[in-house]
Amino acid sequence: MSSLPSLNHTAPQAAGRKFHRFPIDGSVRLYSGNAMWNTRLLDLSLSGVLVERPPDWNGAIGHRFRLDLRLEGGVLIAMGVELARIDDEEGLGFTCVKIDLGSFSQLKRLIELNLGNHQTMTHELSVLGEHDNAL
């Protein structure tokens, strides 16, 4: 089993968010049709990711993409994402709309290790379930 990197995190209340966000180094590949962009991960949460905007970016809010995230130690997390926001200073914010069980397990484990608190993780999973049921 590969080791997962340790992260610092931002509490969700800091920005009116529902999930803790973790700044982490990772490489990201975004796919849409025949287009592909390489970029860098800025942070991630149970609900999505923030990446650096690639120089040749031409995606639009609401469009869906495939995202492959590679972390230190070879950990790969793949998900279907939807572009939620574009910010020249902060980057591209994506919401996770589809993730396979293996990738979700890796993401959950990474966040769980860095939260260091089982109750907080249980709460975030419950909020994620409420969000999914509202869709």
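Read the figures in this text as sums done on the coordinates, not as results from a lab. Only a predicted model underlies this, so the values are computations on that prediction, with no experimental measurement involved. Don't worry about glycine lacking a Cβ; one is built from the backbone with ideal geometry, like all the others, and counts go over all protein chains shown.
Numbers below:
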read-out: Phi-based couplings in Hz for the range 83-99 (Karplus 6.51, -1.76, 1.60; Gly and Pro marked x); value: 5, 9, 7, 10, 9, 4, 8, 8, x, 10, x, 10, 9, 6, 10, 7, 8
read-out: Surrounding net charge for Glu90, when Lys and Arg each add one and Asp and Glu each subtract one, Cβ distance under 12 Å; value: -2
read-out: Estimated distance in nm for a label pair at Glu82 and Arg70, the labels positioned 7 Å out from Cα along Cα-to-Cβ; value: 2.9
